[in-house]
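The values are calculated or read from the model by the stated rules, or taken from the named source; none is laboratory data. Fair warning: this is a prediction, and the values are worked out from it, not measured in the lab. So basically every Cβ, Gly included, is an ideal-geometry build from the backbone, and we count neighbours across all protein chains shown. In case anyone asks, the SASA skips ligands and DNA or RNA and just uses the protein heavy atoms, side chains included. Shrake-Rupley method; radii C 1.70, N 1.55, O 1.52, S 1.80 Å.
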Amino acid sequence: MTIFALVDCNNFYASCERIFQPRLINKPIVVLSNNDGCVIARSNEAKILGIPMGAPYFKFRNDFKKKGVIVLSSNYALYGDISNRVMTVLSSFTPRSEIYSIDECFLDLSGFDHLNLTEYCKHIRQCVLQWTGIPVSIGVGQTKTLSKIANRLAKTSKKTEGILDLNNSPWIDIALQKTEVNNVWGIGRRWSRVLERQDILTAYDLRAAPERWIRQKFGIVGLRTVKELQGLSCVKLEDESPDKQTICVSRSFGKPLTDYTALKSAIATFSDRASSKVRKHGLIAGEINVFVQTSPFNTDIEQYSKSITLSLHPQTNSTQEIHRAAMRGLNQIFKPNIHYKKAGVILINLSRPEKAVKDLFYPYVQSNDQLSKAYDIINQRFGSGFLQLGQVKKPKTWYMNQNYKTPSFTTRWDELPRAK
Ligand SMILES: [Mg+2]
């Protein structure tokens, strides 16, 4: 028999911000998207105040002030690092786990049923909280779909104190009745509309739905969900994530860029960042795409949007080679007197060095050359962007608007939290 636990961090971004800033505890917090656009995360207190997800900042600015909501720019360096720590802690409680998203992880607890699973999960929860500062909720079930449902209820019901074990539980029917069908994992809004028309309103109804009809309407994927609700595990744990297909580094600029030098410095930074990333994943790239564009929302200016794909031959992950190609690409698509609002670099056709296609004239690939390695070590030590290939200094103009960003407490030496 299979047993899965789904561990989900509570209000993850808001919780990360609170670790090093106790002043934020018990206060309504919202986190804004890049360039301080709209709300992408809310603390419980902010949810209670009725602030909707996706609320545009410029519309809600006064409302936030009135209600005392604390506004923060997103700090992805912090969230990524804390996520890694949480996942590392979680992986110590079972030999098999799957990182499902930045703040969710499935644990395979098959064979752990000699333990009291509620107690075991309490222990996991306590350790994660103590070692990382992040509160989590845990749902347990015989399938991934059931563990998702358990997790949802664990989070919304006070009685559960953040943990719900639906494995061999007398409460399973009630739990399924309490779960609306559109909240079942994998059932989108479109499917739930079709189901509701057949009076299938809850997960409980869906579990008993006629399988032939489900299969006809929703195919094998739909049938799998029904089987999962019945306790038959059909969606396996994916503990080896597939290799990345593309790596993209792009930004919207705080203020539009017009001059070539500024844009060149931005593209250079993006390509350096992208090549570091591709090395980190142990991959090499076969092509690079460079793109620039104006803001589609500003109709007063001349609109321009252009991208170009160049092949990297031989395939490579060298900072220098990728940088050179990016500059070549920019030169071909740059047009003067344009207000550029966004630009980026995408590395494509990625593969493992040992699987790379070699040809007669280039019977080798360029992977982890000494210079790039040194570059990574220095930037890891002194902070990303400390060392860059020869070019003009970054002009301030292309930084994002991040007026309310907290320090990168855990990833930059010069921003470490201070104890007073
Ligand atoms: Mg979460």
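A few comments on the model shown:
- R0 of 35 Å, Cβ-Cβ distance residue 335-residue 221: FRET efficiency to nearest 0.05: 0.15
- Kirkwood hydrodynamic radius (C-alpha pairs) into Stokes-Einstein, the range 91-191, 20 °C and 1.002 mPa s, D in µm²/s: 151 µm²/s
- Taking every C-alpha pair closer than 8 Å and separated by at least 6 residues, the mean separation divided by the residue count of the chain gives a relative contact order of 16 percent.
- Here, the range 179-241 is characterised by an Rg to Rh ratio of 0.98, where Rg is the alpha-carbon radius of gyration and Rh the Kirkwood radius.
- Values of log10 I(q)/I(0), in the order q = 0.15 Å⁻¹, for the range 243-313 under a Debye, Cα-only, solvent-free model: -0.60
- Paramagnetic reach from residue 61 in the range 263-304 [backbone N under 20 Å; point 7 Å along Cα→Cβ]: 297-299
- Divided by 2.2 N^0.38 Å, where N counts the residues, the Cα radius of gyration of the chain comes to 1.13.
- Taking the convex hull of Cα positions in the range 1-45, its mean projected area over all directions (nm²): 4.7 nm²
- Based on protein heavy atoms only, the range 206-283 ends up with 52 Å² per residue of surface accessible to a 1.4 Å probe.
- Cross-link reach list, lysines versus residue 255, counting only Cα pairs under 23 Å and skipping chain neighbours closer than eight places: 59, 264, 306, 335, 341, 342, 393, 394, 396, 405
- Additional length obtainable on full extension of the chain from residue 44 to residue 420, 0.36 nm per residue less Cα span: 132.5 nm
- Whole-number D in µm²/s for the range 1-166 (Stokes-Einstein; Kirkwood sum over Cα pairs; 4 °C, 1.567 mPa s): 78 µm²/s
- Gain on full extension, evaluated as 0.36 nm per residue between residue 196 and residue 373 minus their Cα-Cα distance, stands at 58.1 nm.
- Axial C-alpha extent at least 27 Å, average Kyte-Doolittle at least -1.0 - helices from the chain (DSSP): 260-280
- Nearest-10 value in Å² for the accessible area of residue 181, using the 1.4 Å probe: 0 Å²
- Figure legend: label point modelled 7 angstrom from the Cα of residue 306 along Cα→Cβ; residues of the range 257-277 with amide N under 13 Å from it are 260.
- Peptide ranges 228-235, 208-215, 268-275 listed from the most packed, as the mean C-beta count within 10 angstrom indicates: 268-275, 228-235, 208-215
- Percent of Cα-Cα distances greater than 21 Å, calculated over the range 278-376: 42 percent
- Residues with amide H under 5 Å from that of residue 100, placed H, sequence gap 5 or more: 105, 106
- Between the C-alpha center of the range 165-192 and that of the range 96-128 there is a gap of 20 Å.
- Gain on full extension, evaluated as 0.36 nm per residue between residue 277 and residue 110 minus their Cα-Cα distance, stands at 56.7 nm.
- FRET efficiency for residue 357 and residue 159, using Cβ-Cβ distance with R0 set to 41 Å, rounded to 0.05: 0.10
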